[in-house]
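The values are calculated or read from the model by the stated rules, or taken from the named source; none is laboratory data. Because the structure is predicted, anything quoted here is derived from the model rather than measured. In this analysis, Cβ positions are derived from the backbone assuming ideal geometry, glycine residues included, and neighbour counts consider all displayed protein chains. All accessible areas refer to the heavy atoms of the entire protein, side chains included, with ligands and DNA or RNA removed. Shrake-Rupley method; radii C 1.70, N 1.55, O 1.52, S 1.80 Å.
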Amino acid sequence: MEENIRKLRDWVAEAQRIVFFGGAGVSTESGIPDFRSTGGLYHQQWKYPPEVILSHTFYESNPEEFFRFYRAKLLVEGVQPNAAHKKLAEWEQQGKLTAIVTQNIDGLHQAAGSKRVLELHGSVHRNYCERCGKFYGFDFIKNSEGVPHCDCGGRVKPDVVLYEEGLDSRILEDSINAIANADLLIIGGTSLNVYPAAGLINYYRGNRLVLINKGEVARSLNAALVITDPIGEVLSQV
């Protein structure tokens, strides 16, 4: 590991346009469960599989069960940014990191101080009325019961991308541009199972692709550097 850390440290020192592409594994060291690892949400027992509950069809047909799962499993209180979030914010402040492209919806990158965070799948901190468009915060959903409703009577929907829903076209375009112009692309904490997000890394044109992930990924990357240790532990040494 020491040799890999040394190489990563050198590459970061030489880079001017770092882009970080991250997934659920970035936040596990903060106490937020991921999806596919042992103990992740997909290995827990619910009446319906999580990928079914978190679909647009299920949200429309069974909103009470959707919100019961959403509050219990996706609205995690009291979590703080870990060493990975803090290191990425530090690189941005130094002018070395140009963007974070994240599949996470927890807002921990922003809590660590990062400014340019491209949230592919939205955020639990934003919720909006489907009738009038009024926005509500994290606490409104967490402290509500049943199906949350706006003052106007409309249903309040989390601003997260559910299965069967498309990604925001502006976020997609900004992510593609950031990755295409990166001189160092670091992929961390993701199994690269979820598309179209996982396909964005195809736009990287450079030869310094780094993968930091404890488990195997779903596709061949031909990464120039692979590190299989916890990402916070790795980045804290860079």
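Tabulated values for the structure
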item	result
Per-pair calculated FRET efficiency, R0 = 30 Å: residue 47 and residue 135 via Cβ, rounded to 0.05	0.45
Dipole moment magnitude, nearest 20 debye, the chain about Cα centre, only Lys, Arg, Asp, Glu C-beta charged	260 debye
Under-5 Å amide H pairs with residue 181, H placed in peptide plane, nonlocal only	none
Normalised per residue, the volume of the convex hull around the Cα set of segment 100-238 (Å³)	141 Å³
Additional length obtainable on full extension of the chain from residue 164 to residue 94, 0.36 nm per residue less Cα span	21.4 nm
List 142, 115, 214, 134, ordered by accessible area with a 1.4 Å probe, largest first	115, 214, 134, 142
Shape metrics for segment 23-161, restricted to C-alpha atoms - Rg then Dmax, Å	15.9, 48
Carbon/sulfur fraction of accessible area - segment 1-155, other protein chains in place, 1.4 Å, %	47 percent
Mean accessible surface per residue for segment 113-238, computed with a 1.4 Å probe while every protein chain stays in place, in Å²	48 Å²
Estimated 222 nm signal from helices in the chain, with DSSP H stretches of n ≥ 4 weighted -39500 (n - 2.57), rounded to 500	-7500 deg cm²/dmol
Vicinal HN-Hα couplings computed from phi for segment 185-190 (Karplus, 6.51 cos²θ - 1.76 cosθ + 1.60; Hz; Gly/Pro x)	10, 10, 9, x, x, 9
Radius of gyration and Dmax over the Cα atoms of segment 47-96, both given in Å	17.1, 48
For the chain, fraction of C-alpha pairs farther apart than 25 Å, in %	41 percent
³J(HN,Hα) computed for each position of segment 60-73 - Karplus, 6.51 cos²θ - 1.76 cosθ + 1.60, integer Hz, glycine/proline x	6, 8, 9, x, 5, 5, 4, 5, 4, 5, 4, 5, 6, 10
Accessible surface of segment 160-213, 1.4 Å probe, proportion on carbon and sulfur as whole %	45 percent
Karplus-derived HN-Hα couplings along segment 99-106 (A = 6.51, B = -1.76, C = 1.60, θ = phi - 60°), whole Hz, x at Gly and Pro	6, 10, 9, 10, 8, 7, 10, 8
Listed residue pairs exceeding 19 Å between alpha carbons, taken from 134/157; 7/96; 86/115; 115/214; 47/214	115/214; 47/214
Segment 114-145: GluC sites (Glu not before Pro) falling in loop per DSSP and having at most 13 other Cβ within 10 Å	130, 145
